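**Q** The structure's right below; bear with me while I get my questions together.
Every read-out reported here was derived from the displayed coordinates using simple, explicitly stated rules and does not represent laboratory data. Values in this document were obtained by computation on a predicted structure and should not be read as measured data. Neighbour counts are summed over all protein chains in view; Cβ atoms, including those assigned to glycine, are modelled from backbone coordinates with ideal geometry.
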Amino acid sequence: MGGPRTPMVAGNWKMFTTSGEGAALIGNIQDVVSDVWSRVDVVVCPPFTGLKAASTIIELDHLRIGLGAQDVHWESEGAFTGAIAPRMLVELRCDYCIAGHSERREFFGETNETVNRKVHALFASGITPITCCGESLALYEAGKTEEFVRTQIREGLAGLTPEQAAALIVAYEPIWAIGTGHTPTPEKANDVARMIRATIGAMYGPPAAQAARVLYGGSVKPENAAMFFSEPDIDGALVGGAALKADTFSDIVHAAS
Ligand code: PGA
């Protein structure tokens, strides 16, 4: 993986792929993105059940594809039926883990406080969190985007060391843009990305703000990816639907290279 502010394109496969389907998808992705591995950090985030197969393929074929989980519990073990601990992700050689995706917040009751616990637990285990933030349509229409996202950042990313803050990956994903085909203009997305970077700077200092990566997510497609990537504070994308096909994912990865 590259150094600070290397562009990143991460595929969030959500609850769409079986282990076998995921293995096939990685094979197809490998064929079409290997020419840009030195310039873009490519990451895939399968469901938990697909991590083992993905990890095995990545290792055996020496792929420079980062592996991420979609969620984690903050405790290292315990009576938490259905949950997965950070050390279980370490065992599967996960490099990354999404924390606080809006679907987790909406359907599974995640709060800025639980996101913060997850971020700390992940860093403590050597896994880099990809922390998600973003406003609802109602907040967007009320002009409250920056205020809301700033609070998500301040609370969700509280209490880190400056070194951890410098390693942060934050995905700005307006909820109303996820899976809808609607997006903010690249300029508006960049305004929020710049505010996220400034907030990290206010919390942890300018070096952390300069090094942290801010991704845009929400209906990123081959047709619009380059416009987002040309913005100065947007360092890549977290991609849902378009990450489920090797050709569309590849087009987005190439737009970031
Ligand atoms: P989408 O999802 O690309 O399908 O809009 C993005 C996400 O939820 O991370």
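**Q** Applying the selection to the stretch 10-35, what residues are within 16 Å of the ligand (Cβ to nearest atom), free of Cβ contacts under 8 Å to residues at least 40 places away in the same chain and among the small types (Gly, Ala, Ser)?
**A** Within the stretch 10-35, no residue meets the criteria.
**Q** Please go through the stretch 220-257 and give me each residue that is part of a helix (DSSP H, G or I), away from the ligand (no atom under 12 Å from the Cβ) and under 16 Å from the mean Cα position of the chain (by Cα), ordered by number.
**A** PHE229, VAL253
**Q** A further question on this structure: Give just the number: which of (1) assigned to a loop (DSSP other than H, G, I, E, B); (2) in contact with a helix residue (DSSP H, G or I) (Cβ under 8 Å, 6 or more places away or on another chain) does GLY143 not satisfy?
**A** Result: GLY143 fails condition (2) only.
**Q** Could you list, ordered by first residue, the pairs with Cβ atoms under 7 Å in which the first is in the stretch 238-250 and free of Cβ contacts under 8 Å to residues at least 40 places away in the same chain and over 21 Å from GLU103 (Cα atoms) and the second is outside any strand (DSSP E or B) and more than 10 Å from the ligand (Cβ to nearest atom), at least 6 apart or interchain?
**A** Final answer for the pair search is THR248/PRO222.
**Q** Could I ask something else about it? Need the failing condition index for ALA226 against (1) without any contact (Cβ under 8 Å) to a residue 60 or more places away in the chain; (2) among the aliphatic types (A, V, I, L, M); (3) touching a Gly at 6+ places or on another chain (Cβ under 8 Å), just the number.
**A** All conditions pass for ALA226, except number (3).
**Q** Oh, and also: Return the residues of the stretch 70-101 that are touching a strand residue (DSSP E or B) at 6+ places or on another chain (Cβ under 6 Å) and within 16 Å of the ligand (Cβ to nearest atom); say none if nothing qualifies.
**A** Residues satisfying the conditions are GLN70, TYR96, CYS97, ILE98, ALA99, GLY100, HIS101.
**Q** Can you tell me which condition ALA142 does not meet? The list is (1) within 16 Å of the ligand (Cβ to nearest atom); (2) farther than 28 Å from VAL90 by Cβ; (3) of a type in the set (A, V, I, L, M, F, W, C), and all the others hold.
**A** Checking ALA142 against (1) within 16 Å of the ligand (Cβ to nearest atom); (2) farther than 28 Å from VAL90 by Cβ; (3) of a type in the set (A, V, I, L, M, F, W, C), the one that fails is (1).
**Q** In the stretch 164-210, what count of residues is obtained for those that are over 17 Å from PRO129 (Cα atoms) and within 12 Å of the ligand (Cβ to nearest atom)?
**A** 10
**Q** Would you confirm whether any residue within the stretch 76-95 is closer than 21 Å to ALA167 by Cα, outside any loop (DSSP other than H, G, I, E, B) and touching a Cys at 6+ places or on another chain (Cβ under 7 Å)?
**A** Yes, because at least one residue in the stretch 76-95 is closer than 21 Å to ALA167 by Cα, outside any loop (DSSP other than H, G, I, E, B) and touching a Cys at 6+ places or on another chain (Cβ under 7 Å).
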